[in-house]
Each structure stands twice: as C-alpha cells, then as structure tokens.
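Trainee: This structure is in structure tokens; I'll ask about it shortly.
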Amino acid sequence: MAHLKIALVGKPNSGKSSLFNQLTGLKQKIGNFPGITVDKRTGFCQLDESTEAEIIDLPGIYSLYPRTLDEKIVVEILTDRRNPDYPDAIAVIADATNLKNCLLLLTQLVDLRLPVVLALNMMDLAAKSGLSLDINRLSDELGMPVVMINAREGKGIDQLKRVLARGVAVSPKEIFHPANLGESVVREVQQHFGLTAPYEAFQYVQQVDRLAFLSEGDRKFIKEVAKRNDFFPYKFQGVETIHRYAFIQRVLDAVIIKSARGDWKGASKNLDKILTHRVWGYTIFFIILFLIFQSVFALAQIPMDAIDRGFAGLSSYLAGHLPEGPFFELISSGIVPGIGGIIIFIPQIAILFAFIAILEETGYMSRVVFLMDKIMRKFGLSGRSVVPLISGMACAIPAIMATRTIDNWKERLITIFVTPLMSCSARLPVFAILVALIIPKVRLLGFISLQGVALMGLYLLGFAAALLSALLMKALVEVRERSFLIMEMPTYRMPKWSNVGFTIIEKTKAFVVEAGKVIIAVSIILWVLASYGPADVMNSARKTVREQTATEGLSEQEYENRVAAYKLEHSYAGTIGKWMEPAIRPLGFDWKIGIALITSFAAREVFVSTIATIYSLGSTDESSTIKDRLKDEVNPETGGPRFTPAVGFSLLVFYTFAMQCMSTLAVVKRETKGWKWPLVQLVYMTGLAYTSALIVYQVLA
Amino acid sequence: MKPGESAVISGFTDEQLSVKLLEMGFLPGSVVRFNFKAPFGDPVCVHISGFDLSLRLEEASTIIIFD
C-alpha cells in the first residue's frame, strides 16, 4: 500500500473545506502544527485499491505572502522540504467563476517546483453564469492535470482521486523567473541552501523573518546578501504579481470560449441592497442576533437539564456504591462533577457554532464584518471582532480561538482582552439565582418580567465594559502595524449542512479539550482545599456538630448537611475565606461568600453548588431551595437579612466583571504566547470587579 | 467616485498596501466599480476582475484612478 501526503490549497470561499470533507468524510482530526497555534486539519482518504493518502487542509490563502498568523504556515511548509507536512502533491482548488484570482497562488506553487493538480470547483455556478472553458487547453497551458469538480455535491471527486493516485509530475512551466530582480541575490541564496527552484530562493529572501525553520545564522546570511545587492521586497513583490497576472490573462484569453454574463449574481446583489441597508441591514442583524440568543438559551435548556440530572445522579450513585476512602471520594465528588461542569456547556456551544457556521456558509458573515467595521474601529477593534465577541456570550474559549482571523495584532489582542467581559453561559446560573433573590417577581405593563430586564441589563453591562475596556486598550497599546480590511464579499449561497455539522464537531471538541483539562485539574485542587483541613478539627467534626446540635432534634439528613457545612467552614478553603473576609467586607461579602469566590475561581458556575453546601443544603441544585435558604439567612451584625439588595447587586456586578475562569486564562496564554497578557487581564478584570462591586455596595447600602 | 461609477486604475500611493491590492486583482489598467458603501460611509464595496471586495476608505484612497 502506497502512502501519499496531499495538501489542499486554495483561497478562502473556494470550497476547500467542502472538498476536504468530501475526501476524508469522518476520518479527520484536528491537531496543531508544531510550535504554533494554528489548527491543523488532517484526514485519510483511500485514493484507489493500492494508494492511501493523508490529506492536509491548509488555511485559505490568496498568495504565498501571508496576511494573518494562520496563513504563515502555508509558505513555511511549502518551502521547507524537511517539514514533516511537506506534501507529495498539492491539489489547488479554484472557483471556476473567479479563475483569475485563484490562479495567482497556483502559478507561485508551479515556480516552487511543486507537483500540482488543479481542481476546478463550482462548475455548477459556472454553467449557470454561462461561462464556457476549454479544459484541455487550460491543462496544456499550465502543464498540469485539471479536474472539474462540484465539491458540494461530491461530483468529480473520484476523478480527482484517480489523478492523485496516478502520481503528479511537476509542471514544466516557469512562469516568473526572478532573473531581473536581484538575480545575484537569488543565485547566491539558491546555491547556499542547495535549492532546486530559483523562486524558492526568492521566497527565502522575501519572507526571511517569517520562515521559522531558518536558523539565526541563515537569516543573517540572507539579510546580508539582500542588503549587499539592493533587494527591494515590496517593489519586487509588486512586479512579481503584475507579471503573474499578465501570464494568467494570456492563459484565460486562450481557454475562455464564452465568458460569464454578469446577471447571474443579480439575486445576490438585490439581497445586498437590503442586508447592507442603513436601516434594514442593522435591523436584520439584530433580529438574527436575537434569534441566536433565544435558541442558545431556550433550545439548550432541555439537554442541559438532562446532563445536569445525569451527572448529579452519577455522582451520588458513585458516592453510595464506591468503597470509602479519599481516592473514591475524589472521583465521586471531585472528578465526576468536574467533567459534568464541562459537558453541560456543550449544547449551548454546539448551537451557537451551528448558527455561526450557517452565517459563514451563506456569505452573510462578511456582510456583518462590513456593517460593523466602522463602529468597531472606534473602539480599537475590527469588523472581524464581531464574531468572537458574539461567541463570547456562549463561551470565551472558542471565542478567543476565533480571533485568529483578525490579521492585525493590536486589534486581535484587544479582542482577546475584552472578550471575557462578555457574559458567558457559565455566569448564567449565578445570575439566575441572585436575580431571583433580589429582584421581585413582578411584570411591567403586564408582560415584561422585571427579572428578565435585570438579566438583560447584566449582559448589556458586560458588553459596555468590553467596549470601554477596548477603548482604554486602544489608547494604551502601542503597536505600529498596519491594519487592513481587504475582504472578499462572496456571492450568497445556501449553506451546506454537512459542513455546518463538521464545524460544530470541530469547535465542540476544541472546547472540551482546551477547557476540559484545566477545569478538571483545578476542580481536583479545589476539591482538596474544600475537603481537607487541620486533621484534629476535621476528625472531630461529627462529634462537635453532634454536641452543638444535641438539643435541636435534627433529622439524620439535616445532621449530615450540618456536618458538611462545618467541614467546609474549617477546611483550607474555609480558612482562606475567613482570612480574606476583611478584604471583601467593604463589598458586603462575608466569609461564606468568600469561600464561594475561591471555589468558583476555576469556573463561575461552581458558586451555586458551593453556596448550597455552605448553607447546609446538601448537594442540591434546586435554585428555588437555594433561593429560599438565602432569603432566610440572617446577618448577625444587623439582625436583618444577609442578602440585602445591596449585597446582591454587588455580587452580580462582581461576577459580571471578574475573570473567574482558569480555562480562559490558559487559552489566552496559548494565543498570546506568554503569561504577560493573561496576567494583565486577570489583574485588570479582578480590579474592575472589585472596584465596581465596592462602589455598588457602598452606594446602595 | 460615487456608488455605481467605474474607473480605470492607474497606480497606488502606498507601496506596502499595493502588494496586497495587486494580489487581489487591482491591476493598473483594470476597471474597478464602486458598488456601494456601508451605512456609515466606510468601508466600501467594490467590484474588481469578476468579484466583490470590501475595502476601508483609507485603503481605497491609496488607489489612484485615471481621469
């Protein structure tokens, strides 16, 4: 059995992911390219009886000169023969209705002496537009096999597999020879590194700082040669592009039998008139946003409740059936609820990404970027920040990973920095309980729930904080890098549902893996802190509680709950809570809330279960039970209720702004390549939370 | 230029940006059509060599048109 490595290359919106999905089906996995945080999608495909291929899906690019972090990987792999992902053959996928633009990259690959096959996609649209091509002539002119496909419907895929299985030769053509532009530089670099293609040497000189495989010495050498011979990178790159387009125009003139009519895009143009209209455009965008949130919260409720019940059941079953001992206790009350805490967010994340994938598939997303860019730039963000910010309302982790499409570092950094201020779904259980506790259940005008208004207010508060923080960052961060938004506006199309499905699986997996490992690790640490304390106190817990409550006539269950509360109070977590009470007293919090603040540091929703334990409710998640119990809690100093509106609002504001999510910090560290930004973010958000809660409490109290 | 108008590209004022624009098909001598602008006047949507692109005003303003 022969094994081949095949790379898929093409510009964005050319149908590359559809082709990848067609070739690999479910046999795909997402990994990382070594050393950098770019998702690497690979999969396996049986080309014929005796050939199997590993398909690598490279990020969508217009040319070998990258604009974003993601795109850099392509030139890095294709100019480095020692790279483990260096392909045996490349399939370039091109949009037949927009060939001119797609061929630029293809001619660069030819000059790198790489074996290339051209897959002409969207032949259905080409037919619709009246475009007629001489495929054989195209194949001759380019010196490579050309296969017509329709990646959405899977047509022509078998033919493409056959061509790949036969083995692909290097095209004999040379389209751009860097002879007139610094010929001596190119020759010297080519000889020094023993490169087969002059164009490869040209790329080494052009992109010397971007190619990670070059050593410090290599770089010094290349720069020295370039300097000695007056190499002007931008000018030469411009000359190269014009030269390539001249070649492409000649090819197209020869192969286009009948050119496309312009009218087939008519429906798309009319849609744009409405969807980018100054009134309707925004109205429709906000209606779509509203629909997404309704679905994320309403549709996800049923599976979330089921997961919640399932894990609570599993946890208590294990607690009852596993042997006694700290190890088994760790499993039943540390690890299992920890895993449950991750799984429970899957429905919301899956639904959110289903919508985002549909918006992207249809081509609407680029209109959102178009509509929002001007507004977002006022805050130091870009139109491309809209998607991460919206995703942040489900979960900041996939949202921060989605910022990779922002090409400008400053705009991307600001987006990463403010995304966790968007109220994510983990804050919802905390909000739900506190809002129910302090806002009366009345309806305004008979149908608007006051509690609902308060909840919406909290989301708006988070959003406002994100925008204002962005403004602050814009003033503080000094990065001299050009920001640009040269973006294709694709023709509107119906989404392809299997692509939507693949996106959901991919994003959910990323969340489970990234957030999962941190949440589990931290829940184990917190479980230890909350279950252990000084041995003598913990060991005598039962006796002490029995003595204290001897006259109260408690039932067995009530007694057990009291013991649990007593143990938590005297555990290490409880000790820390009491120790930090002076610091949080000005916010209106006592040590019991302090314990909840600590345990919810890993993930905010833990607040609810901690509060349940500390108020001796046993392990209940019934919000009405918790609510009633909290209502009855008395503040020993005032004799009034502990959870006054002032304390409630203070807590709400604290949870709106506080970082309180280890996994987000871990992802930010990964995406910004260092501890600096996650730490700045942690300090900033905690400071913001503390100050705001302080002001709220002091004003209201 | 006003929405709906077309013009021929004659050059660029910004070398660094011009390489990106060239790659997207903004070639000297080719026709660019101003389709429409976003509600706040920026960015703009233009048509170049068979497809639609959005550009920020400051990017579009580096393109010199022949007239």
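Trainee: Scan the range A:411-421 and tell me whether some residue there is closer than 20 Å to A:Leu665 by Cα, surrounded by fewer than 24 Cβ atoms within 10 Å (Cβ to Cβ) and not assigned by TED's automatic domain parsing to the domain that holds A:Ser663.
Mentor: There is at least one residue in the range A:411-421 that is closer than 20 Å to A:Leu665 by Cα, surrounded by fewer than 24 Cβ atoms within 10 Å (Cβ to Cβ) and not assigned by TED's automatic domain parsing to the domain that holds A:Ser663.
Trainee: Here's another thing I want to ask about it. What single numbered condition from (1) in a loop (DSSP other than H, G, I, E, B); (2) at negative phi; (3) among the charged types (D, E, K, R); (4) surrounded by fewer than 15 Cβ atoms within 10 Å (Cβ to Cβ) fails to hold for A:Arg152?
Mentor: Failed condition: (4).
Rundown of residues vs (1) among the aliphatic types (A, V, I, L, M); (2) surrounded by fewer than 22 Cβ atoms within 10 Å (Cβ to Cβ); (3) closer than 22 Å to A:Ala357 by Cβ, yes/no style:
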| position | (1), (2), (3) |
| --- | --- |
| A:Ala7 | yes, no, no |
| A:Pro12 | no, yes, yes |
| A:Lys29 | no, yes, yes |
| A:Thr79 | no, no, no |
| A:Leu103 | yes, no, no |
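Trainee: I'm told A:Ala197 meets every condition in (1) free of Cβ contacts under 8 Å to residues at least 24 places away in the same chain; (2) within 30 Å of A:Leu4 (Cα to Cα) except one. Can you identify the failing condition by its number?
Mentor: (1)
The rows are residues; the columns are (1) within 24 Å of A:Leu526 (Cβ to Cβ); (2) surrounded by fewer than 14 Cβ atoms within 10 Å (Cβ to Cβ); (3) touching a Leu at 6+ places or on another chain (Cβ under 6 Å).
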position	(1), (2), (3)
A:Asp632	no, yes, no
A:Asn635	no, no, no
A:Pro641	no, no, no
A:Ser650	yes, no, yes
A:Ala658	yes, no, no
A:Met662	yes, no, no
A:Lys669	yes, no, no
A:Thr672	no, no, no
A:Trp677	no, no, no
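Trainee: Just checking, how many residues over the range A:459-513 are surrounded by fewer than 17 Cβ atoms within 10 Å (Cβ to Cβ), touching a helix residue (DSSP H, G or I) at 6+ places or on another chain (Cβ under 7 Å) and charged (D, E, K, R)?
Mentor: Of the residues in the range A:459-513, 4 are surrounded by fewer than 17 Cβ atoms within 10 Å (Cβ to Cβ), touching a helix residue (DSSP H, G or I) at 6+ places or on another chain (Cβ under 7 Å) and charged (D, E, K, R).
Trainee: Please state which of the following conditions A:Tyr234 fails to meet, knowing it meets all the rest: (1) aromatic (Phe, Trp, Tyr); (2) in contact with a Ser or Thr (Cβ under 9 Å, 6 or more places away or on another chain); (3) modelled with pLDDT of 90 or more.
Mentor: (3)
Trainee: In the range A:424-468, what residues are in contact with a strand residue (DSSP E or B) (Cβ under 7 Å, 6 or more places away or on another chain), without any contact (Cβ under 8 Å) to a residue 12 or more places away in the chain and of a type in the set (Gly, Ala, Ser)?
Mentor: Answer for the range A:424-468, where residues must be in contact with a strand residue (DSSP E or B) (Cβ under 7 Å, 6 or more places away or on another chain), without any contact (Cβ under 8 Å) to a residue 12 or more places away in the chain and of a type in the set (Gly, Ala, Ser): just A:Ser449.
Trainee: Further question on the same structure: Filter the strands (runs of 3 or more DSSP E) completely within the range B:1-62 down to those with at least 1 residues that are in contact with a helix residue (DSSP H, G or I) (Cβ under 9 Å, 6 or more places away or on another chain) and more than 7 Å from chain A (Cβ to nearest Cβ).
Mentor: Those strands (runs of 3 or more DSSP E) span B:6-12, B:31-37, B:44-48.
A quick yes/no check of all residues on (1) away from chain B (no Cβ under 14 Å); (2) outside any helix (DSSP H, G or I); (3) modelled with pLDDT under 80:
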site	(1), (2), (3)
A:Ile274	no, no, no
A:Gln294	yes, no, yes
A:Phe297	yes, no, yes
A:Met304	yes, no, no
A:Phe370	no, no, no
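Trainee: Same structure again: For A:Phe607, are the conditions met, namely being closer than 23 Å to A:Val336 by Cα, modelled with pLDDT of 75 or more and outside any helix (DSSP H, G or I)?
Mentor: no
Trainee: Is it true that some residue in the range A:112-128 is within 14 Å of chain B (Cβ to nearest Cβ), crowded, with 23+ Cβ neighbours inside 10 Å and under 25 Å from A:Glu52 (Cα atoms)?
Mentor: no
Trainee: Shifting gears a bit: Anything in the range A:667-701 that is out of contact with any Pro (no Cβ under 6 Å at 6 or more places or on another chain), part of a helix (DSSP H, G or I) and among the charged types (D, E, K, R)? List them, or say none.
Mentor: A:Arg670, A:Glu671, A:Lys676
Trainee: Filter the helices (runs of 4 or more DSSP H) completely within the range A:156-267 down to those with at least 2 residues that are basic (Lys, Arg).
Mentor: Output list reads A:157-166, A:216-228, A:233-255.
Trainee: As an exercise: evaluate A:Gly143 against (1) of a type outside the set (Asp, Glu); (2) at pLDDT below 90; (3) at positive phi and give the number of the one condition it does not meet.
Mentor: Against the list (1) of a type outside the set (Asp, Glu); (2) at pLDDT below 90; (3) at positive phi, A:Gly143 comes up short only on (2).
The values are calculated or read from the model by the stated rules, or taken from the named source; none is laboratory data. Every value quoted in this text rests on a predicted model; they were computed, and no experiment measured them. Cβ atoms come from the backbone with ideal geometry, glycine included; neighbour counts cover every protein chain shown.
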